[in-house]
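A short worksheet on the structure shown next.
The values are calculated or read from the model by the stated rules, or taken from the named source; none is laboratory data. These numbers come from a predicted model, not from an experiment. With ideal geometry, Cβ positions are generated from the backbone for all residues, glycine too; neighbour counts draw on all protein chains shown. Ligands, DNA and RNA are stripped out before the accessible areas are found, and what is left, the full protein with its side chains, is counted by its heavy atoms. Shrake-Rupley method; radii C 1.70, N 1.55, O 1.52, S 1.80 Å.
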Amino acid sequence: MITTLLWDLDNTLLDFPSAERQALITTFADFTLGPCSPDLLVRYSALNARWWRRLEEGDVTKAELLPGRFREFFAAEGIACTEYDAFNAAYQHHLGDTIVFLDNGYELVKDLHGQVKQYLVTNGSLQAQTRKLKRSGLGELFDGVFISEVVGAEKPSRAFFDAVLSAIGPVDKEELLLIGDSLTSDMAGGCGAGIPCCWYDPKGLPVPEDLPIRHTIRNLNEIPSILAAHR
């Protein structure tokens, strides 16, 4: 029986690209850097993804990532801004301004509230995730929130998941289900920690053979059926 869900946030419950796009446009305006074109947004998003992958691999720390990506981005694009920390702080704030749920995620979490325990497990920054949880209303529904900056370790590290299990335990791992979109962060980390995983794969990509993923879904509203099958 599944008694506990571990939810990822960005690109699982919330549409991160929508928030990223609007946050960058607004922060460019805040710093009078001119228009943030669609092409510029695409290049930033790709660069940002590379930095987060480096974080997952332990190559950089969160403190290095947050301003470092903008330092590299501004240099590559010839943008006259050296206020990397200030720009990042404003950007983090604006990330919480745009709340777009995927697959009516709020209603799903709300419907499951009280039926199973639900926890958030995220690598997003403390500033951005705290604001998102408040503005989305999700913060009131979770039984606990685990943000990597507070935990002191990042997904997919074993240290992150060990800390989560220690805080919510004692619990049989077979009663858990980790739901997330990232193969390198959520699925690799959860599987490595022995936690049953559900890959949120809305694009229908091939399931990797090297990860023992228990469930694959294309819509979050498939979760109740999985829970029912394990009663």
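If you take all other residues with their beta carbon under 15 Å from the beta carbon of Arg131, and give Lys and Arg +1 and Asp and Glu -1, the sum is -2.
Roll a 1.4 angstrom probe over the protein heavy atoms and tell me the percent of accessible area of segment 128-182 that is carbon or sulfur.
So the carbon and sulfur contribution to the accessible surface is 46 percent.
Here the extension length gained between Ala75 and Ser166 equals 28.5 nm, from 0.36 nm per residue of separation less the Cα-Cα distance.
Sites listed here are chymotrypsin sites (Phe, Trp or Tyr not before Pro) in segment 9-87 whose DSSP assignment is loop and whose Cβ has at most 16 other Cβ atoms within 10 Å: Phe31.
Counting charges near Ser157 (Lys, Arg +1; Asp, Glu -1) among other residues having Cβ under 13 Å from its Cβ returns a value of -3. Spin-label model, Arg231 to Arg214: label points 7 Å out along the Cα-to-beta-carbon direction sit 1.7 nm apart. Which option, (1) 58, 33, 33; (2) 51, 44, 31; (3) 63, 40, 32, is the value of Cα extents along the principal axes in Å that was calculated from these coordinates? The listed entry that was calculated here is (1). On segment 1-46, 59 percent of the accessible area sits on carbon and sulfur atoms, based on a 1.4 Å probe. Residues Asp143, Asp111, Asp103, ordered by accessible area of protein heavy atoms at a 1.4 angstrom probe radius and largest first, appear as Asp111, Asp143, Asp103. Within the full protein context, the accessible area of Glu107 is estimated at about 90 Å² for a probe radius of 1.4 Å.
Excluding ligands, DNA and RNA, what is the solvent-accessible area per residue of the chain at a probe of 1.4 Å, expressed in Å²?
On the way: 10660 Å² over 231 residues.
Heavy-atom accessible area per residue stands at 46 Å².
Remark: relative contact order (segment 89-146) = 49 percent; criterion is Cα-Cα distance under 8 angstrom and separation of 6 or more residues.
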